[in-house]
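Before any comments, here is the structure.
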């Protein structure tokens, strides 16, 4: 690379693309607010309870005190540019976390120092594992009663199977939290009321403990680095710079997770967290090249973080502004995206010209001329780009891996209140479902109703409220219903011969197929085994479309069919009477024929629940869960409360919040997230089938 091109590479080393991820109410948004304050982006620290935060800018976020949409902000710290995405913690908005992690280089996982590792903590941790995102941990809320830094580290090690490395220790705990001990530099950092940090020697009464934890840190690093191992075994001191260097390398590789501590609300430890983000999390230049394929083939294409390469970017979020139009968020993986240049949307095979390019500061926009490799920004004007689609330079077409989203588990019927609302409803639903891939909209053929499906009651409630506030569409909404599915449990063969003669050209198609069950979560797999002999290739797409049509309405109770493989093995056609529509209908009927022989079952969504209540109410909580068909999977005492974890059918959990409050005198809380689909009992299956028939 020439010296001229070395400059962009050095600029890349000064960029950090990070996400703040955690369980709900662990302090993500408060931590982000403190980061913005200390980096000079804001002059006043926002407060979630007051509704004055920068990243929670939606009215509903400020009213509810939760994050609903991920928000992107940019700040500067010690000559580094930090692009931050603050993500939701509620499981209903898990898609926001998934698509953010897909485009980030590193993550800060915030843990509640009292609760430790909570259910959604595990979920976001596994998501980060799946995307290979290096991360650091921040144990927050150590100023609260019952906080315990070391217990949280133990929970991370045991529950998450990770390798946490404490690089700080709290000085004081609960109301006495005053600072931290830096185990790398072996100094004490005191957080004064004027936001200044005093650096002193470690207090004598903490010296022994600090030395012990410093040795533990060296032991962890010695297992990963030979040079530190030699110094450690010889009893020689290890320089702080060498510790930082190895910590950074192993953090980027995902073999260790540095852990810091503090209290974001009390403004203790946030500056140290910023230092750790810069020191240990990767720059775009530290991340391996992103690989895609040439459209229409399996040829591999490597997209390097180099602004001189042809452009390649991934769309990860769509926001519809009623006044400004569609705002398309994307991450540039290689090359440079400039205003006015044409890009190919590979997924749709369409070319769009880049309009106004902006950097996002929550709901505020900063217009720029270009975004380079490693940058995250947005563009106004793209008409068709969707979440997970690839934008690239026409000189080098490349298709990057799409983002996979979970299946909706709750649905409800919706209808407009007036003719005026009816005229606007379709466009409103299209735009909002375009923003959120976990919202699905369909028409019920039998009732003519519009059905929207989402991840939970809160998810759908927020969706309907957005319709009213942002698009002025008022609608009548039915009660939330469980989104059941169906699957098959044994292999089967299906066949249908369509023969219709009505005068003139008739309709003829003959399809033979086999089907077999797949492991849960596999989805639908279509296989063409015709080899172009029995049926012309031009009819194969119509056969697949017919099978997909049949998948939408199962055999038992007209629920979507999932987790199976269908192979087309034989058939026949007529030179004159065969058509795509005929094969589509025949394939749908052949699937129904085979599915009746494949021992179909109805599946219901099973939720992973954690209920927390004072110990004296544990018996009542567990008795209630047993009535709701829960399978208790664990119990854990936390300070003066008891945590009960269970797998429970979603169908029995509507209204659980009020039930738990009444049984615990308002002192119980719970979190619930989708875990898997499981077959219902024969009695429930008969009941659901009868309900659908009625």
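Just so it is clear, none of the values below were taken in a lab; they were calculated from the coordinates. The structure displayed is predicted, hence computed values, not measured ones. No Cβ is skipped: glycine too gets one built from the backbone with ideal geometry, and neighbour counts run over all protein chains shown.
Over region 605-693, the hull volume per residue, using the convex hull of the C-alpha atoms, is 93 Å³. As a rough guide to protection, the peptides 340-353, 451-464 ranked by mean Cβ packing within 10 Å, highest first, stand as 451-464, 340-353. Find the all-direction average of the projected area of the Cα convex hull for region 126-193, expressing the result in square nanometres with one decimal place. Result: a mean projected hull area of 5.7 nm². Here are some values of Cα Rg over 2.2 N^0.38 Å: (i) 1.06; (ii) 1.68; (iii) 0.94. Which one was computed from this structure? The listed entry that was calculated here is (i).
Report, to the nearest 10°, how far helix 419-435 tilts away from the longest principal axis of the Cα atoms in the chain, using its own Cα long axis and a range of 0 to 90°. The two axes meet at around 60 degrees.
Comparing region 245-344 with the 2.2 N^0.38 Å rule of thumb, its C-alpha radius of gyration ratio is 1.48 (two decimals).
With the highest mean first, a sort of the peptides 123-131, 375-383 on other beta-carbon atoms found within 10 angstrom per residue produces 375-383, 123-131.
Axis angle, to the nearest 10 degrees, between helix 119-131 and the longest C-alpha principal axis of the chain: 80 degrees. Computed packing ranks the peptides 31-42, 540-551 as 31-42, 540-551, most packed first, by mean other Cβ atoms within 10 Å.
Hydrodynamic radius of region 357-418 by the Kirkwood approach over all distinct alpha-carbon pairs: 15.6 Å. Spread over its residues, the convex hull of the C-alpha atoms of region 486-599 is 85 Å³ per residue. Grab every C-alpha pair in region 385-507, bin the distances at 5 angstrom width from 0 up to the longest one, and report whole percents. Spelled out bin by bin, region 385-507 gives 2, 8, 14, 16, 12, 10, 9, 10, 10, 6, 1, 0 percent.
Each Cα pair under 8 Å and six or more residues apart adds its separation to the average, and for the chain the resulting relative contact order is 9 percent.
The mean sequence separation of alpha-carbon pairs under 8 Å and at least six residues apart, normalised by the residue count of region 134-253, gives a relative contact order of 18 percent.
Angle of helix 28-38 to the longest C-alpha principal axis of the chain, folded into 0 to 90 degrees and rounded to 10: 50°.
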